[in-house]
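Below is one structure; the comments refer to it alone.
The values are calculated or read from the model by the stated rules, or taken from the named source; none is laboratory data. This structure is a prediction, so every number in the text was calculated from the model and none was measured. We place every Cβ from the backbone using ideal geometry, glycine too, and count neighbours over all the protein chains shown. Keep in mind that these areas ignore ligands, DNA and RNA; they rest on the heavy atoms of the full protein, side chains included. Shrake-Rupley method; radii C 1.70, N 1.55, O 1.52, S 1.80 Å.
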Amino acid sequence: MKAVFALLVIFGIIFVIPVACSGRGEIHGSSLRTAYESARLVKNHIPDDSKRLEFQIAFGTLQKIKTEEGGTAAFLKAVDGKNAEEIIALAREEVNARIAQGDPRFAKYQSWDDMIVQLTKDTPKVIGREREQKAYE
């Protein structure tokens with residue numbers, strides 16, 4: 001009986017505690033799959049559609065930039081442990097630096113904010129919103 005109880009405690013430690021302690025508001029960069037899953041969860045907990053869309057653009061932009069610089073590992077290291085605001089701030093910093101350097105991919109934008117305005121001007125809300133709308137929202 002004591003062995004069964006000890007086994008249950010061990011399983012509880014292995015499976016329940018990591019789930020209970022993991023933060024919903026941050027990206028887990030242990031692998032590309034976990035980064036995508038945690039980004040989806042982070043995005044779904046952003047209440048404002050425009051901020052949600054800005055987060056999506058920031059995450060995708062960072063993935064492209066960091067993967068080109070140092071592969072998938074560089075991207076995962078850059079986003080690991082960051083929340084939505086930190087991801088957006090990092091993407092803003094990276095894009096503004098590339099605009100200042102004259103990167104041709106960003107030549108049509110004056111700044112990060114200009115890029116967001118141009119990319120979202122015809123998007124009334126986030127496409128592919130995974131969170132189901134409630135009748136009272």
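For this structure, a couple of remarks:
- Within region 83-93, if we keep just the residues that are closer than 12 Å to residue 26 by Cα and either more than 11 Å from the chain's Cα centre (by Cα) or of a type outside the set (Val, Ile, Thr) (or both), the residue that is surrounded by the most Cβ atoms within 10 Å (Cβ to Cβ) turns out to be 84.
- Filtered residue count, region 54-82, keeping only those that are buried (at least 17 other Cβ atoms within 10 Å of the Cβ) and outside any helix (DSSP H, G or I): 1
- All of (1) surrounded by 14 or more Cβ atoms within 10 Å (Cβ to Cβ); (2) of a type outside the set (Asp, Glu); (3) under 23 Å from residue 28 (Cβ atoms) hold for residue 96 with one exception: (3).
- Count of region 42-53 residues which are open to solvent by 40 Å² or more (accessible area, probe 1.4 Å) and either under 18 Å from residue 95 (Cα atoms) or not in a helix (DSSP H, G or I) (or both): 4
- Filter pass, residue 79 being out of contact with any strand residue (DSSP E or B) (no Cβ under 6 Å at 6 or more places or on another chain), closer than 16 Å to residue 37 by Cα and modelled with pLDDT of 90 or more: yes
- Residue that is farthest from residue 52 (Cα to Cα) [pool: residues in region 104-137 that are acidic (Asp, Glu) and either outside any loop (DSSP other than H, G, I, E, B) or at pLDDT 85 or above (or both)]: 114
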